[in-house]
Amino acid sequence: MTIREIAQLGNDILRIVAKPVDDVNSPVIQQVINDLICTLESTSGVGIAAPQISESWQIIVLASKPTKRYPDAPSMPSTIMLNPSFIAIGDETEKDWEGCLSIPGIRAKVPRYKRIKISYTDQNGLLEIYELEGFIARVFQHEIDHLNGVVYLDRVEDNQDIFSEMEYLKLIAS
Ligand code: NI
C-alpha cells in the first residue's frame with residue numbers, strides 16, 4: 001500500500017475516459033485498489049477515483065465521514081467500486097458544496113441528482129446494486145465524473161458559486 005501523488009487540475013490524466021476493469025483479481029488492479037484506499041486515508045477527502053492517482057481505470061472508493069469541511073456527512077466504511085454506473089431516480093436535483101483533492105483550496109456549489117440507483121462490481125467480482133440519496137449520492141456522482149474526464153467545476157452553473165476554502169469554512173461556521 002503506497003500513498004500516491006494526487007494528480008492536480010491541468011493534468012491530462014484527469015481529462016480522459018478511464019478503462020473498464022475486466023479482471024478484478026489481476027495484481028495491477030489489486031495494487032491500484034490498495035493504493036487508492038491508502039491515498040484516500042491520508043487525506044480529509046470522502047472519495048477518490050483511480051485517475052486521480054494517475055491510474056486510468058474505472059475504480060472509485062467512497063469513504064464518507066464527518067469532517068471539518070462536511071460536519072454533517074454520514075459515516076460509511078471504505079467501499080471499493082469497479083466499473084460503477086448510475087441512473088437518476090426521478091429528475092430532482094439539488095445544489096450543494098463540493099471540493100476535490102485534485103483542486104485544492106476551492107469549494108463550489110454544484111447541482112446533482114438527489115436520488116440515484118447505482119451498480120458496480122465489488123472487490124470480489126460480485127455485482128452490487130443500491131439506491132443512494134443526498135450526500136453519498138453526490139459523492140458517487142462526483143467520483144463517476146472523474147472516470148469520464150469531468151471535474152466538478154465543469155458543472156458549476158454560476159462563477160459566484162465558487163468560493164475559496166477559507167471563505168467556505170467561514171460560511172459554514174457562521
Ligand atoms: Ni474529485
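The values are calculated or read from the model by the stated rules, or taken from the named source; none is laboratory data. Just so we're clear, the structure is a prediction, and the values are computed from it rather than from any experiment. Don't worry about glycine lacking a Cβ; one is built from the backbone with ideal geometry, like all the others, and counts go over all protein chains shown. Only protein heavy atoms, including side chains, enter the accessible area calculation; ligands, DNA and RNA are left aside. Shrake-Rupley method; radii C 1.70, N 1.55, O 1.52, S 1.80 Å.
Of all residues in region 34-44 being open to solvent by 10 Å² or more (accessible area, probe 1.4 Å) and within 14 Å of the chain's Cα centre (by Cα), which is nearest to the ligand (Cβ to nearest atom)?
Initially, region 34-44 is screened for residues open to solvent by 10 Å² or more (accessible area, probe 1.4 Å), giving 34, 37-38, 41-44.
After this cut, where a residue has to be within 14 Å of the chain's Cα centre (by Cα) as well, the list is 37, 41, 43-44.
Values: 37: 16, 41: 16, 43: 11, 44: 13 Å.
By that ranking, first place goes to 43.
What are the pairs, 6+ residues apart or on separate chains, where a residue within region 87-109 that is touching a residue at least 24 places away in the same chain (Cβ under 8 Å) has its Cβ under 6 Å from a residue that is open to solvent by 80 Å² or more (accessible area, probe 1.4 Å) and within 16 Å of the ligand (Cβ to nearest atom)? Hits for this filter: 102/9; 103/9.
Selection within region 137-174: residues that are among the β-branched types (Val, Ile, Thr) and farther than 28 Å from residue 23 by Cβ. The member of this set that is farthest from the ligand (Cβ to nearest atom) is 172. Do you know which of the residues in region 110-136 that are touching a Ser or Thr at 6+ places or on another chain (Cβ under 9 Å) and among the charged types (D, E, K, R) is nearest to the ligand (Cβ to nearest atom)? Ranking the qualifying residues of region 110-136, first place goes to 112. Is there a residue in region 122-134 that is more than 23 Å from residue 153 (Cα to Cα) and either buried (at least 16 other Cβ atoms within 10 Å of the Cβ) or touching a helix residue (DSSP H, G or I) at 6+ places or on another chain (Cβ under 9 Å) (or both)? Yes: region 122-134 contains one or more residues that are more than 23 Å from residue 153 (Cα to Cα) and either buried (at least 16 other Cβ atoms within 10 Å of the Cβ) or touching a helix residue (DSSP H, G or I) at 6+ places or on another chain (Cβ under 9 Å) (or both). Does residue 60 satisfy the condition of being outside any loop (DSSP other than H, G, I, E, B), of a type outside the set (Phe, Trp, Tyr), at pLDDT 95 or above and crowded, with 21+ Cβ neighbours inside 10 Å? Against the criterion (outside any loop (DSSP other than H, G, I, E, B), of a type outside the set (Phe, Trp, Tyr), at pLDDT 95 or above and crowded, with 21+ Cβ neighbours inside 10 Å), residue 60 qualifies.
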